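This report refers to the structure that appears directly beneath it.
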Amino acid sequence: FTAKKFTAFGSGAIDLYAYDIIIDKLTLECSGSSTMDIRGSIGSAKVTTSGLVDISLANVTGPVEVNAREASEIFIEAESDSAEGVVITGTTEDASKVQHAGGRCALSNQIFSSGCNEAAVPSHTVEPLVWTRGITIIEAFSCHGHTGISASSFIRP
């Protein structure tokens, strides 16, 4: 689908896979043990993590702000025709790291982390489609209306 803004919040054990989406502005806030894999066309992104978090963004065309703590791993793949516009800023702390294919890193305050390194694009397997309980849509959205979506996840007893 297409959206101006897409925001995902996750805490605990969260897996989010979104493929073939077009997003102007992506915001991910993850803590705990989370995996988020977003592929399509991503204009700009803000990623905030803590815990054992694995984030992968593919076909990014604009700036990415990263604030990663603990053991977070973030991979950013720049869209090949827009790699010059992909500048990765922000901070990494503890054992967190950022890897990128295309674009460039301008991270500051790399406290006890391995910082930001260029890497090859990893091969990906397609995850099975699964809808889990505990996902709440906060805003209305339209796949063709470009209005956006916000989602939060929580554990129900």
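The values are calculated or read from the model by the stated rules, or taken from the named source; none is laboratory data. Note that the structure is a prediction, hence the values are computed from the model and not measured. For neighbour counting, all protein chains shown are included, and Cβ atoms are generated from backbone atoms with ideal geometry for every residue, glycine included.
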Practice prompt. Among the residues of region 41-65, count how many are buried (at least 24 other Cβ atoms within 10 Å of the Cβ), in contact (Cβ under 8 Å) with a residue 40 or more places away in the chain and within 20 Å of A120 (Cβ to Cβ).
Written response: 1
Worksheet entry | Test for A68: is it touching a residue at least 40 places away in the same chain (Cβ under 8 Å), over 21 Å from C105 (Cβ atoms) and buried (at least 18 other Cβ atoms within 10 Å of the Cβ) | no
Worksheet item: Can you tell me which residues in region 19-38 are buried (at least 17 other Cβ atoms within 10 Å of the Cβ) and of a type in the set (A, V, I, L, M)?
Response: I21, I23, L26, L28, M36, I38
Practice prompt. Report whether or not S33 is hydroxyl-bearing (S, T, Y) and over 18 Å from C105 (Cα atoms).
Written response: yes
Discussion item. Being in contact with a helix residue (DSSP H, G or I) (Cβ under 7 Å, 6 or more places away or on another chain) and on the phi < 0 side of the Ramachandran plot narrows it down to one residue among T2, T61; which is it?
Written reply: T61
Worksheet item: Would it be correct to say that R39 is within 18 Å of T7 (Cβ to Cβ) and of a type outside the set (S, T, N, Q)?
Response: yes
Item to complete: Scan region 57-86 residue by residue and report those that are of a type in the set (A, V, I, L, M) and farther than 21 Å from C30 by Cα.
Response: A78, A83, V86
Response to the item:
Output for Cβ contacts, cut-off 9 Å, separation at least six or different chains, first residue under 15 Å from I88 (Cα atoms) in region 114-128, second at pLDDT below 80 and not in a loop (DSSP other than H, G, I, E, B), reads C116/Q110
